[in-house]
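Contents: one structure, followed by commentary.
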Amino acid sequence: MAYNYNPSFSLLLLVTLSLTSCYAIQAEARHLLEVTQPEIPKPELPHLPEIPTLPKPEFPELPKLELPTLPKPVLPEIPKQELPTFPKPELPKLPKLEMPAIPKPELPTLPKPEIPQVPHKP
């Protein structure tokens, strides 16, 4: 017979293992808090000899370079092109359209609703 895999079993196993590992970590942390460690004396550092200072190097001054001035280029003038003029076309006049008069609709008058009085509790 084939083995049937049950995903709820693996979920239960995962939850159980994670809970036991959390408990073990908490127990170890409590143990570390309760343990006192012995005082260790700090060693004294030996006195270091003074290091002689080195002279600051001086760099020679560089001569200032001058850039040569170049003559400004002269651009040739481009002749301006003129476009030929076209005659303006004349459009025929259209007759003005008149809208027919639409009568305004009249709304019917509704009677005002009467609201009954609500009795008050004494």
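Things worth noting here:
- Out of 68, 38, 49, sole residue that is surrounded by fewer than 10 Cβ atoms within 10 Å (Cβ to Cβ) and at pLDDT below 85: 38
- Failed condition for residue 84, given (1) open to solvent by 100 Å² or more (accessible area, probe 1.4 Å); (2) at pLDDT below 90: (1)
The values are calculated or read from the model by the stated rules, or taken from the named source; none is laboratory data. The structure displayed is predicted, hence computed values, not measured ones. Methodologically, a virtual Cβ is constructed for each residue, glycine included, from the backbone with ideal geometry; neighbour enumeration extends over all protein chains shown. Ligands, DNA and RNA are excluded from the accessible area calculation, which covers all protein heavy atoms including side chains. Shrake-Rupley method; radii C 1.70, N 1.55, O 1.52, S 1.80 Å.
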